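Visitor: Have a look at the structure that comes next, please.
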Amino acid sequence: MSSPTRQASILLADDDPFIISLYRDKLIRSGHRVDTVQNGEDAIKRIHEKPPDLLVLDLNMPRMDGTAVLKYIREQSTAPDLPVIVLSNACARDIIDKVNVLRPTRFLIKYDNKPKKVIDEILSVLSESEDQDVVASVPAEISDDQLSGSEETLPELMNRLESADDLERQREALLDLYRFFQEDLRNLKQSNPLSPAFQFGEAVEQLFEHLYACSDILSFSSLQTLNLALPMTEQWLKRLDEGPASPELILILSESPDIRRSLYETCNRPGLLPLAAAREDSALDIIGENAVPLAVWNTRRVSAARKALQGIRDTESGSGLRVIFLLPEKDTEAFSEKIIDNRAVALSDTSSGPEILSVIHAWRR
C-alpha cells in the first residue's frame with residue numbers, strides 16, 4: 001500500500017503506551033504528523049482545537065470511552081465526517097453493533113491485526129478521496145473465530161519468540177506476547193501508582209516497548225529477563241489492593257563511576273532506595289550491616305560473580321538477598337549453567353533500564 005503524497009495529521013487515542021509508541025513511530029517514519037492522547041476527554045479537546053485528517057481510536061479509555069468520543073464526533077463536533085479507525089480489543093457483538101451505528105471508517109481488532117495490516121489500513125483511509133462516503137464494514141470483516149483471540153499458551157509464545165530468526169518474526173511474537181498480558185498489565189496500572197504492583201506493570205510495559213524497538217535479534221539476557229518477569233504477573237495481580245510500600249534498599253556495585261551513576265539513576269525510582277559502592281569489600285560491609293533485599297552487581301567474569309555470590313551468602317544477612325549480576329553478554333549463559341542459585345541471575349552489562357527494572361520489580365517482596 002503506497003503512502004499518500006501529502007503529509008497527513010493523525011491523532012492516536014489509546015491509553016496503552018505500548019500501542020501508542022508502536023504506531024506513532026511507524027506513522028512518523030511514513031512521513032505523517034502524529035499527535036497522541038490517552039483518554040477520551042483529551043481526544044475531544046484536540047479535535048475541537050484542530051480536527052486531524054484521521055483519528056485512530058481505542059474504545060476502552062478513561063475519562064470518556066471511545067464510543068462516546070465517536071458519538072460526539074458524529075453528532076456534535078465541527079468535523080462530523082472525520083475519518084475514524086476504531087482499533088480496539090472491545091469486540092463483543094453488542095459493542096460492535098453499537099459502534100457500527102456511529103459509522104467508523106474501519107473497525108480493527110487489535111488481537112487479529114498485525115501492525116503492518118493496521119498501518120496499511122491507515123494509509124488506505126488517508127488515500128481515499130475526501131468526498132467518499134464513509135461505510136462501516138465491521139459485520140463482514142469480523143468472524144466469530146477472530147473474536148475469540150489467540151489461544152497460544154505462555155510457553156508456546158515464549159518458544160515462538162526464542163526461535164524467531166529474523167526481526168519481523170521476532171516483533172510479531174513480541175506483539176502477540178504483549179497481547180497475552182495486555183489486560184493483566186492494564187489491571188496492574190489501575191492500582192496505586194506508588195504500589196509495587198503498579199511499578200511492576202509499568203516496568204514490564206516499558207520492557208516491551210524497549211524490546212520491540214530493538215534492531216537486533218534478542219539476546220539470551222533479554223529473553224531471560226522476559227522469562228523471569230512475565231510469570232510474576234499473576235502474583236502481582238493478587239496484590240492489587242496494596243498501597244504504597246516502604247522503600248526497599250537496593251545495593252549497586254560497580255568499579256566504574258559512569259556505570260555506577262547510570263545504575264543509580266535507573267534504580268532511583270519510587271519504592272526503591274539505592275545505595276552505591278565502588279568496591280566489593282565495601283558492598284559486603286553494607287550487606288552485613290543492613291537488611292538489603294536486592295543488589296545489582298557489575299563484574300567482568302563468571303568466576304568473579306561466583307566469588308562475590310559466595311561472599312554475599314556468607315554474611316549474616318545475605319542469605320536471602322537477590323542479586324542481578326551484570327556480565328558481558330557472552331558470559332550470561334555460562335553463569336546460568338554453572339551457578340545454581342534461584343536468588344541470583346546474570347543479565348548482560350548492556351541491559352537497558354527497563355530490563356533491569358523488570359527483574360527488580362518482579363523480585364520485590
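The values are calculated or read from the model by the stated rules, or taken from the named source; none is laboratory data. Computed from a prediction, not measured in an experiment: that's the story for all the values here. Cβ coordinates were reconstructed from backbone atoms using ideal geometry, including for glycine residues, and neighbour counts include every protein chain displayed.
Visitor: Exactly one condition in (1) closer than 16 Å to D15 by Cα; (2) over 13 Å from the mean Cα position of the chain (by Cα); (3) of a type in the set (F, W, Y) is not met by F220; state its number.
Guide: The failed condition is (1).
Visitor: Pick from K189, K238: which is within 16 Å of A362 (Cα to Cα) and either touching a Cys at 6+ places or on another chain (Cβ under 8 Å) or loosely packed, with under 15 Cβ neighbours inside 10 Å (or both)? Steps first, answer last, please.
Guide: Details: K189 fails: either touching a Cys at 6+ places or on another chain (Cβ under 8 Å) or loosely packed, with under 15 Cβ neighbours inside 10 Å (or both).
That would be K238, the only listed residue that is within 16 Å of A362 (Cα to Cα) and either touching a Cys at 6+ places or on another chain (Cβ under 8 Å) or loosely packed, with under 15 Cβ neighbours inside 10 Å (or both).
Visitor: Need the failing condition index for V296 against (1) at pLDDT 95 or above; (2) farther than 28 Å from L185 by Cα; (3) of a type outside the set (D, E, K, R), just the number.
Guide: It is condition (2) that V296 fails.
Visitor: Is one or more of the residues making up region 330-350 of a type in the set (S, T, N, Q), more than 30 Å from L185 (Cα to Cα) and modelled with pLDDT under 90?
Guide: So in region 330-350, the residues of a type in the set (S, T, N, Q) come out as 332, 336, 342, 348, 350.
Checking the rest, the ones that are also more than 30 Å from L185 (Cα to Cα) come to none.
No: zero hits.
Here is a yes/no grid of residues against (1) part of a helix (DSSP H, G or I); (2) crowded, with 17+ Cβ neighbours inside 10 Å; (3) in contact (Cβ under 8 Å) with a residue 60 or more places away in the chain:
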residue: V296; (1), (2), (3): no, yes, yes
residue: R300; (1), (2), (3): no, no, no
residue: G311; (1), (2), (3): yes, no, no
residue: S317; (1), (2), (3): no, no, no
residue: G320; (1), (2), (3): no, no, no
residue: V323; (1), (2), (3): no, yes, no
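Visitor: Hey, another quick one. Among the residues of region 119-133, are any at pLDDT 85 or above, under 22 Å from H210 (Cα atoms) and either of a type outside the set (D, E) or part of a loop (DSSP other than H, G, I, E, B) (or both)?
Guide: Within region 119-133, one or more residues are at pLDDT 85 or above, under 22 Å from H210 (Cα atoms) and either of a type outside the set (D, E) or part of a loop (DSSP other than H, G, I, E, B) (or both).
Visitor: List the pairs whose first member sits in region 253-281 and is at positive phi and in contact (Cβ under 8 Å) with a residue 12 or more places away in the chain, whose second member is of a type in the set (A, V, I, L, M) and surrounded by 16 or more Cβ atoms within 10 Å (Cβ to Cβ), and whose Cβ atoms are under 7 Å apart, counting only residues at least 6 apart or on separate chains?
Guide: Within 7 Å, the pairs are G271/A245.
Visitor: Further question on the same structure: Restricting to region 329-338, count the residues that are surrounded by 16 or more Cβ atoms within 10 Å (Cβ to Cβ) and touching a Lys or Arg at 6+ places or on another chain (Cβ under 9 Å).
Guide: Counting residues in region 329-338 that are surrounded by 16 or more Cβ atoms within 10 Å (Cβ to Cβ) and touching a Lys or Arg at 6+ places or on another chain (Cβ under 9 Å) gives 2.
So that you can scan it fast, the table gives a plain yes or no per residue for (1) more than 27 Å from H210 (Cβ to Cβ); (2) touching a residue at least 60 places away in the same chain (Cβ under 8 Å); (3) more than 27 Å from the chain's Cα centre (by Cα); (4) not in a helix (DSSP H, G or I):
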| residue | (1), (2), (3), (4) |
| --- | --- |
| I10 | no, yes, no, yes |
| F18 | no, yes, no, no |
| I28 | no, no, no, no |
| V56 | no, yes, no, yes |
| M61 | no, no, no, yes |
| M64 | yes, no, no, yes |
| V69 | yes, no, no, no |
| R74 | yes, no, yes, no |
| A79 | yes, no, yes, yes |
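Visitor: Of the residues A136, A140, which single one is at pLDDT below 70, hydrophobic (A, V, I, L, M, F, W, C), out of contact with any Asp or Glu (no Cβ under 6 Å at 6 or more places or on another chain) and exposed (fewer than 15 other Cβ atoms within 10 Å of the Cβ)?
Guide: Working: A136 fails: exposed (fewer than 15 other Cβ atoms within 10 Å of the Cβ).
Every option except A140 fails the conditions.
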